[in-house]
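The values are calculated or read from the model by the stated rules, or taken from the named source; none is laboratory data. All values derive from a computational prediction rather than experimental measurement. Reconstructed Cβ throughout: ideal geometry from the backbone, glycine too, with neighbour counts over all protein chains shown.
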């Protein structure tokens, strides 16, 4: 799936943007957050122009408030405010390219600043992690060399041998140790947190797959308009294209957490990162409805039995 017209793997212009910032004497922005911001904007539903995202208030909010915490786990020592700073650098670059006027630049700058602060808080919330983000934090806390794929696999194998209760304790320890900010949702042992993380992980991966395919479709539409033939991968079995997009989504998610980790969790360790199906979700919601029905209304005292 290396056909240039399919372009499943993002090829952001991070290097070009960093070079522009240096030439302009701008305050440097970390490369990793910048690449993540550019990739997620490109894979969103916003428009592109000459390889650059077209920035709008909706696009900035969608990125920083709705998407970032699904995928990105900041590197150790990295300031989570770097993602907002990356967006502001991009805003200024698009202004220099005359893709934004001064008024829109100022408005987007202000929005990116406060949305970036919100995003930094969301990245710390214990109830908003996905499985790849959670296991990235556990691996780092255990001192595992996350650049060593075999060391990552060995740690996961050991963690799989623990009873479920001990695994939940390890999750909760990230909050107790201040790695994540606790929230009042009952915690890991209540059962709903695990379900929510699984649902978020499944949804995040599917969104990424759709973004990758949508990106390719934009190029394919141009091929069709020019009367050129479809790439070989799409000339026959469309399932091969979907499989390639699913794999590319896992690989890309690994660049924002630990390389290879999302694929390991799906292919080799699914019991460590369960993603509930419709039946499990329905059963959980039914349990919540039943619990709410048993609670007395405000000001209402249940008669003693």
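A compact table of results
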{"item": "Residue check, residue 77 surrounded by fewer than 15 Cβ atoms within 10 Å (Cβ to Cβ) and not in a helix (DSSP H, G or I)", "result": "yes"}
{"item": "Residue in the stretch 93-112 that is part of a helix (DSSP H, G or I), buried (at least 17 other Cβ atoms within 10 Å of the Cβ) and touching a strand residue (DSSP E or B) at 6+ places or on another chain (Cβ under 9 Å) present", "result": "yes"}
{"item": "Flag if residue 152 is in the same structural domain as residue 265 (by TED's automatic domain parsing), closer than 22 Å to residue 80 by Cβ and either touching a residue at least 24 places away in the same chain (Cβ under 8 Å) or in contact with a helix residue (DSSP H, G or I) (Cβ under 7 Å, 6 or more places away or on another chain) (or both)", "result": "no"}
{"item": "Residues located in the stretch 13-39, provided they are free of Cβ contacts under 8 Å to residues at least 60 places away in the same chain, within 18 Å of residue 81 (Cα to Cα) and assigned to a loop (DSSP other than H, G, I, E, B)", "result": "27, 28, 30"}
{"item": "Positions within the stretch 125-138 being closer than 15 Å to residue 168 by Cα and in a helix (DSSP H, G or I), in sequence order", "result": "126, 127, 131, 134, 135, 137, 138"}
{"item": "Where a residue in the stretch 159-179 is surrounded by 14 or more Cβ atoms within 10 Å (Cβ to Cβ) and its partner, wherever it lies, is at pLDDT below 95 and not in a helix (DSSP H, G or I), with Cβ under 7 Å and at least six apart", "result": "172/187; 175/182"}
{"item": "Hits in the stretch 139-150 - residues which are surrounded by 14 or more Cβ atoms within 10 Å (Cβ to Cβ) and in a helix (DSSP H, G or I)", "result": "139, 140, 149"}
{"item": "Test: residue in the stretch 276-288 that is outside any helix (DSSP H, G or I), under 30 Å from residue 73 (Cα atoms) and at pLDDT 75 or above", "result": "yes"}
{"item": "Positions within the stretch 127-143 being free of Cβ contacts under 8 Å to residues at least 60 places away in the same chain and within 19 Å of residue 253 (Cα to Cα), in sequence order", "result": "138"}
{"item": "Matching entry among 271, 263 (being exposed (fewer than 13 other Cβ atoms within 10 Å of the Cβ), at pLDDT 95 or above and part of a helix (DSSP H, G or I))", "result": "271"}
{"item": "Residues (over 17 Å from the mean Cα position of the chain (by Cα) and either in contact (Cβ under 8 Å) with a residue 24 or more places away in the chain or surrounded by 20 or more Cβ atoms within 10 Å (Cβ to Cβ) (or both)) located in the stretch 40-54", "result": "48, 49, 51, 52, 53, 54"}
